[in-house]
Amino acid sequence: MFPRRTTPPRGRSAYSNGLHPPPPAPQSYDYNHQSLPGVNSFPRRERLPSYEWNPSPSTSTVQPRHMPAMINGRKRQNDQFSAHHVKRQRVDTSRHHLSSPPLVHSRPPHHRTDRAVAQPSRLSLTGFDHSYPGPNLDIHPQVPAVVKSSSSLHASTTEKLSCQMVELFEACQQQPSDLERKEVCRARLQQDIQQIFPSARLYLTGSSMNELGSRCSDADICLVIKGNKKTDALRVLGRLLKLFKTLSYVERNQLIRAKVPILRFREKGSDLEFDLNVNNTVGIRNTFLLRSYAYADLRVRPMILVVKKWARYNNINDASKGTLSSYTLALMVLHYLQTLSEPVLPSLQRDYPESFNPLMNLDMVPEGPKHIPPYISRNQSSLGELLLGFLKYYATDFSWDKQVISVREARAFPKNNSKEWNNKFICVEEPFERNNVARAVHEKLKFDAIKAKFAESCRLLHERKELNSILPFRAIIIKESSRG
């Protein structure tokens, strides 16, 4: 149903000519799901000045975990995929368990060939390789909405919902031009910051780089000052605040004294907002972890984008106001997809600890996901079915008062009496630091409002099977389409 990409010839680079090719013409989705591009396609961009962060090349290769599916006794090649050849397996999306889910793959990590989910080769302005997901580049990776099945009435009832989710994703996903703007501003900022911190380097992180953002997503940037792990973040941000007031291209500078202090500002003359932190390098690590999950299955990116749009519309997606951050919501979606009776996703940290080692040198973080073979899920649920199941899971199945969400372990583990989890309304484990990323939800009133939104949306969506029942998706599309 959701084919994996076909890997290019060995040694072939997306930018072997040293240039970033121009973006191709936009494509529309093929709802017949014919000749879909690879799951790891990534937007092309014009070339920007090269960045000096050059990790040593890796020679490791990887072994695919799963053989191509058999159809009429013959192997089906990914590039010959047709939904009409597949009879959708019925999957119970409501049954969850607390133990680690069974995985399709069983081959140990040390079996390698040239196929890989992620292949970083050369880093650019962001500190990250633009071709990170792999060299099969496309401005619009196509996402199949459903697998057609004449034997399943339920498939037809969710097909409209699935197609609406794909349409929303297509309109709202971050475009190459959006990332280009962020990179250009980041490059100018780094040059100016190096006037007072010569060794400093600035990296785009978060949804701008993990492929889970939308056109209106803010930009998170991490200022790394090497050689001094005990840098006083507030002191550094105070000096930057004075500097930024003299810069002609940023405005609305605001120092926010949170647990992780940030300097918030806007690009002058636009609505592009930045949050700058100092040496919070876990943000770089989890950017690559989430990006690996984003490309592990075609359904992940539209699922997370739709959930974030839903949460934002329902006023439960703002950590500064005591509700859920976008990062927390993304982890909640990944957890749900990991814990289905037939999982959509594995635990990448559990299966490939060496690729996401929290002590890995920062320069090598982009290299880690390069060693991960493709993951092929047996779960063939449509996007609509998964969204229905997601709302039902958190509305009726998940025990908020007893369980901790863990993407790292691909399960929900019981709360203990530790300070991190005890007396917390919502517990979502940060995959690297293992603290609670949902700690902003500290008022019962806000917690009850979050639960109520899950319950109400679950009921409405199950009754109507239409995205408009839980958010005005058409109005959102029009607004996103009006962005330059």
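Skipping prolines and chain starts, which residues have an amide H placed within reach, meaning under 5 Å, of the one on T205, given they are 5 or more residues away or on another chain?
Close amide H contacts, sequence-distant or interchain: D220, I221, C222.
At A452 and R188, where each label point lies 7 Å from the Cα along Cα→Cβ, what is the point-to-point distance in nanometres?
Rounded to a tenth, the inter-label distance reads 4.4 nm.
Run down the aspartates and glutamates and flag those whose C-alpha is under 19 Å from the C-alpha of K392, throwing out any fewer than 8 positions away in its chain.
The qualifying aspartates and glutamates are D92, E159, E342, D401, D448, E456, E463, E466.
Just grab the label-to-label distance for E273 and E180, each label 7 Å out from Cα along the Cβ direction, in nm (one decimal).
Reported label-point gap for E273 and E180 is 2.5 nm.
In whole Å, what is the distance between the alpha-carbon centres of region 300-323 and region 353-375?
28 Å
Which far-off residues, 5 or more places away or on another chain, put their amide H under 5 Å from the one on N279, with H placed in the peptide plane?
Amide H to amide H, under 5 Å and 5 or more residues apart or across chains, N279 pairs with L223, V224, I225.
Using 7 Å Cα-to-Cβ label points, what is the K245/S320 separation (nm, one decimal)?
The modelled label-to-label distance comes out at 2.0 nm.
Calculate the length of the line joining the C-alpha centroid of region 431-484 to that of region 194-254, in whole Å.
29 Å
Quick one: 3J(HN,Hα) in Hz for region 273-278, Karplus 6.51/-1.76/1.60 with θ = phi - 60°, rounded, Gly and Pro as x.
Taking θ as phi minus 60°, the curve returns 9, 10, 10, 10, 10, 10 Hz for region 273-278.
Using a probe radius of 1.4 Å on heavy atoms only, what accessible surface per residue do you get for region 177-280? Whole Å² is fine.
Working: 4710 Å² over 104 residues.
I get 45 Å² per residue for region 177-280.
Out of the total accessible area of region 177-280 (probe 1.4 Å, heavy atoms of protein only), what percent is carbon and sulfur? Show your work: numbers first, answer last.
On the way: 2180 of 4710 Å².
Roughly 46 percent, rounded to a whole number.
Distance from a point 7 Å along Cα→Cβ of K259 to each backbone N in region 397-414: keep the residues under 13 Å and list them by number.
Counting only backbone N, you get no residues.
Over 23 Å between Cα atoms: which of K424/K465; K226/K308; K309/K465; K259/K451; K321/K451 fall into that group?
In this structure, K424/K465; K226/K308; K259/K451 exceed 23 Å between Cα atoms.
What is the Cα radius of gyration of region 177-280 over 2.2 N^0.38 Å, N being its residue count?
For region 177-280, the normalised Cα radius of gyration is 1.00.
The values are calculated or read from the model by the stated rules, or taken from the named source; none is laboratory data. Everything quoted here is computed from the prediction, not taken from an experiment. In this analysis, Cβ positions are derived from the backbone assuming ideal geometry, glycine residues included, and neighbour counts consider all displayed protein chains. Each accessible area value is taken on the protein alone, full model and side chains, heavy atoms only, with ligands, DNA and RNA left out. Shrake-Rupley method; radii C 1.70, N 1.55, O 1.52, S 1.80 Å.
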